[in-house]
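Remarks on the structure that follows.
Derivation of every value follows stated rules applied to the coordinates shown; laboratory data play no part. Not measured: the values here are computed from a predicted model. Glycine gets a Cβ as well: all are built from the backbone with ideal geometry, and neighbour counts include every protein chain shown.
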Amino acid sequence: MSSQHNPSSSDTTAFIRVVLFVIILAATVCAVVYLKRSSDIPLTPEGVAARDSLRRIAHPDTTAVPGSIPADATETRSVPSDSVTMDLRVPSDAGYEDGYYAGITDGVVGEERASYDESSQFPEAAQRRNYAEAYRRGYAQGYADGLEGKEFGMTPHSPEDEEILEEEETYEQQGTP
């Protein structure tokens, strides 16, 4: 007995599977739409903002009884509002670095105290004093280095360096073989 495959039964099975898939898909879409419409959660951010009320926000009690605030708490201090304007370096390091830079710049040009400025933005008097003392030391060293040609931490040529430079120049003049 030969077994032949009935083409109409496989077509019927495939058709039933497609119909069931479409019915399940349609039921899922209908369920999602129904649940979204029946929910009280808004679908847009504007709906959230409109639903929120000021009654739900807690407001702290910031009233103060006169005399309960210490006198030193009412003093205003000059503190920078952000860290961009604050110098985070140690005052003495900052003073020396700033002074050295200003001194070497003035020393190279040969104009003493042209860019000298030992003022600082440190909040405490002791920090400003440390900055100014270190600035003076840094400026003096920087100015001396600038006059001697020690820009950027470079030392002037020694006699041995001069001999090496002369040898290099003569070698360059002769040309490479």
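Annotations for the structure displayed:
- Taking each residue as 0.36 nm, the span from Gln121 to Leu147 lengthens on full extension beyond its C-alpha to C-alpha distance by 6.4 nm.
- Taking label positions 7 Å along the Cα-Cβ direction at both Ser38 and Ser9, the computed distance is 4.3 nm, reported to one decimal.
- Debye equation applied to the C-alpha atoms of segment 83-146, log10 I(q)/I(0) at 0.17, 0.19, 0.21, 0.30 Å⁻¹: -0.51, -0.62, -0.72, -1.12
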